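Enquirer: Provided herewith is a single structure, encoded as structure tokens, for subsequent inquiry.
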Ligand SMILES: [Zn+2]
Ligand SMILES: [Zn+2]
């Protein structure tokens, strides 16, 4: 059955977007495409997990400045947000390549799973998308990632724990301070029948950290003790 489905809906390599070859596949990518991924190295920022150019540094410039005000505890990302990731995340979000999320969720479990298990996470919470956008796209990319990652490590996913509020102010018309305020009002707790202590927020990308902090602030205010995040990619310096 799965072979027939594969003929109808071939699984595509997230890097080149071609159906996967029969041989020479690595972790759901063509072997050569896998080699084009830039994994964040061991030399990471202690807070956001961004790769650091300076080997002696502990924090990236953003976290050195603002890190103590962050609501989340720590984060990890799989890859640097380079050209390869920019293109594939675009297809993942806007061109219906849902399967990319399954491939990346498994790869994140393989490469970052140990750290997540050590942290004792008892739930994964995907960043929710606005209902209108969800309707247009057909799926929430963060939820696809979270499910794939959670299945691989046997950690439950709570995709209704946080909901997106109806939010009509377009971000582009706002100042940075107003944007943060707007984001803080963008999420609400949607599920009260489960008690979580250590959670992982899952998203496709971390750029300024504003979304992550808004969600983590809400979760902490709700009594969750430790909040971590995981993303497929993390952007460079942003402030
Ligand atoms: Zn490929
Ligand atoms: Zn950092």
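The values are calculated or read from the model by the stated rules, or taken from the named source; none is laboratory data. As the structure is a prediction and not an experimental result, all values here were calculated from the model. No Cβ is skipped: glycine too gets one built from the backbone with ideal geometry, and neighbour counts run over all protein chains shown.
Enquirer: Looking only at region 25-63, how many residues end up being free of Cβ contacts under 8 Å to residues at least 40 places away in the same chain, more than 16 Å from ligand 2 (Cβ to nearest atom) and not in a loop (DSSP other than H, G, I, E, B)?
Expert: Qualifying residue count for the region: 7.
Enquirer: Further question: Quick check on region 184-205: of everything there that is over 22 Å from residue 115 (Cβ atoms) and buried (at least 19 other Cβ atoms within 10 Å of the Cβ), which residue is modelled with the lowest pLDDT?
Expert: So, considering only residues that are over 22 Å from residue 115 (Cβ atoms) and buried (at least 19 other Cβ atoms within 10 Å of the Cβ), the one modelled with the lowest pLDDT is 186.
Enquirer: With respect to the numbered conditions (1) away from ligand 1 (no atom under 16 Å from the Cβ); (2) closer than 15 Å to residue 145 by Cα, which one is the sole condition not fulfilled by residue 100?
Expert: (1)
Enquirer: Another question, if that's okay. Checking residue 84 against (1) surrounded by 20 or more Cβ atoms within 10 Å (Cβ to Cβ); (2) part of a helix (DSSP H, G or I), only one condition comes out false. Which one?
Expert: Among (1) surrounded by 20 or more Cβ atoms within 10 Å (Cβ to Cβ); (2) part of a helix (DSSP H, G or I), the lone unmet condition for residue 84 is (1).
Enquirer: Determine the pairs where a residue that is on the phi > 0 side of the Ramachandran plot and outside the structural domain of residue 202 (by TED's automatic domain parsing), located within region 221-232, has a partner that is crowded, with 19+ Cβ neighbours inside 10 Å and at pLDDT below 95 with Cβ atoms under 8 Å apart, the partner being 6 or more residues away or on another chain.
Expert: none
Enquirer: Out of 91, 106, which single residue is within 14 Å of ligand 1 (Cβ to nearest atom), surrounded by 14 or more Cβ atoms within 10 Å (Cβ to Cβ), part of a helix (DSSP H, G or I) and touching a residue at least 12 places away in the same chain (Cβ under 8 Å)?
Expert: Residue meeting the stated conditions: 91.
Enquirer: Only one residue in 177, 146 is assigned to a helix (DSSP H, G or I), assigned by TED's automatic domain parsing to the domain that holds residue 200 and at pLDDT below 80. Which one?
Expert: 177
Enquirer: For region 109-143, how many residues meet the condition of being part of a helix (DSSP H, G or I), at pLDDT 95 or above and in contact with a strand residue (DSSP E or B) (Cβ under 7 Å, 6 or more places away or on another chain)?
Expert: 5
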